[in-house]
Amino acid sequence: MRLRLDAKGCDTRLNVMAVKDFIKNKKNSWIMLIFVIIAIACIWAFIYAGMITKSFKNKLLDNTYANKEANIESLLVTETKDGEKLWELFADKGSYSDNNNIVFLEGIIGNFYDGEVVKASFKADRGTYNSVKKNIVLYDNVLIVYTDATNISADRIIYEGKGKDIEALGNIRIEKPNEAIIYGNKAILKGDFSDFHIEGRTKTQFYM
């Protein structure tokens, strides 16, 4: 009887140990499974991050992302040569893109210089400045005033650089105070602002 009881007690202890081992193994299996899932998620995140980084680098190398733009309030632009100021302009607003090297300007006033002397002043509602060609195009309510009070209005005025003739286009009106008012469609202004001439059909009104 005692031997039988011992055998049953032994069997009971073995069964309890087996259950504990099963539970322990099951718990270890779940821990291992969770670890594997976490490891897979980390690996995928690493791969995905690499794909995003590669895509971003490709976009940076793409020309469509190479163009830089800037919008500026209260912009002052000045051009000098050999320490001599050629012209300067102030604009209420400006925007620049290195795609075409052009600054788009609004609300413009400025001066053309000969040394330290202002030879003419100008204003326009809008205009552009090419930072490579160094030329200025003024349009919309353009007006140039010489030091002798001669004033020239036009739809568009193109300045190509110091010493070069300035081209005025569209609805030209040139007023020489106490002398005459001249109308035309195209005028060429001397680069030193000493004289001008009208091309094509003109109309002149003299002061009496």
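The values are calculated or read from the model by the stated rules, or taken from the named source; none is laboratory data. Keep in mind it's a predicted model, so treat the numbers as computed, not measured. Note: ideal-geometry Cβ built from the backbone for every residue, glycine included; neighbour counts use all protein chains shown.
Taking segment 164-183, which residues are small (Gly, Ala, Ser) and either under 31 Å from the mean Cα position of the chain (by Cα) or at pLDDT 95 or above (or both)? Walk me through it before giving the result.
Taking segment 164-183 first, the residues small (Gly, Ala, Ser) are 168, 170, 180.
Passing the criteria: Ala168, Gly170.
Could you give me the residue pairs with C-beta distances under 6 Å whose first residue belongs to segment 154-176 and is closer than 11 Å to Leu189 by Cβ, whose second residue is at pLDDT below 95 and not in a strand (DSSP E or B) wherever it lies, and which are 6+ apart or on separate chains?
Cβ pairs passing all conditions: Lys164/Gly191; Asp165/Gly191.
Going through segment 119-146 one residue at a time, which ones are without any contact (Cβ under 8 Å) to a residue 40 or more places away in the chain and outside any strand (DSSP E or B)?
Within segment 119-146, the first condition is being without any contact (Cβ under 8 Å) to a residue 40 or more places away in the chain, and the residues that meet it are 121-128, 130-133, 135, 137-143, 145.
Answer for segment 119-146, where residues must be without any contact (Cβ under 8 Å) to a residue 40 or more places away in the chain and outside any strand (DSSP E or B): Ser131, Val132, Lys133.
If you scan segment 73-93, which residues turn out to be surrounded by 11 or more Cβ atoms within 10 Å (Cβ to Cβ) and within 21 Å of Asp140 (Cα to Cα)?
Matches in segment 73-93: Leu75, Leu76, Val77, Trp87, Glu88, Leu89, Phe90, Ala91, Asp92, Lys93.
Show the residue pairs meeting these rules: Cβ distance below 8 Å; 6+ apart or different chains; first residue within segment 75-98 and closer than 18 Å to Asn111 by Cα and not assigned by TED's automatic domain parsing to the domain that holds Lys134; second residue surrounded by fewer than 18 Cβ atoms within 10 Å (Cβ to Cβ) and modelled with pLDDT of 90 or more.
Close Cβ pairs (under 8 Å, with a partner that is surrounded by fewer than 18 Cβ atoms within 10 Å (Cβ to Cβ) and modelled with pLDDT of 90 or more) do not exist here.
Please find, within segment 147-194, the residue that is nearest to Phe206 (Cα to Cα) out of those that are touching a strand residue (DSSP E or B) at 6+ places or on another chain (Cβ under 6 Å) and not in a strand (DSSP E or B).
Looking at the filtered set, the residue picked out is Thr150.
Quick one: in segment 147-195, which of the residues that are among the small types (Gly, Ala, Ser) and out of contact with any Leu (no Cβ under 9 Å at 6 or more places or on another chain) is farthest from Glu79 (Cα to Cα)? Before you say what the answer is, go through the steps one by one.
From segment 147-195, those among the small types (Gly, Ala, Ser) are 149, 153-154, 161, 163, 168, 170, 180, 184, 187, 191, 194; that's our starting set.
If we keep only those that are out of contact with any Leu (no Cβ under 9 Å at 6 or more places or on another chain) as well, we get 149, 163, 170, 180, 184, 191, 194.
On the way: Ala149: 24, Gly163: 14, Gly170: 27, Ala180: 34, Gly184: 31, Gly191: 16, Ser194: 21 Å.
Looking at the filtered set, the residue picked out is Ala180.
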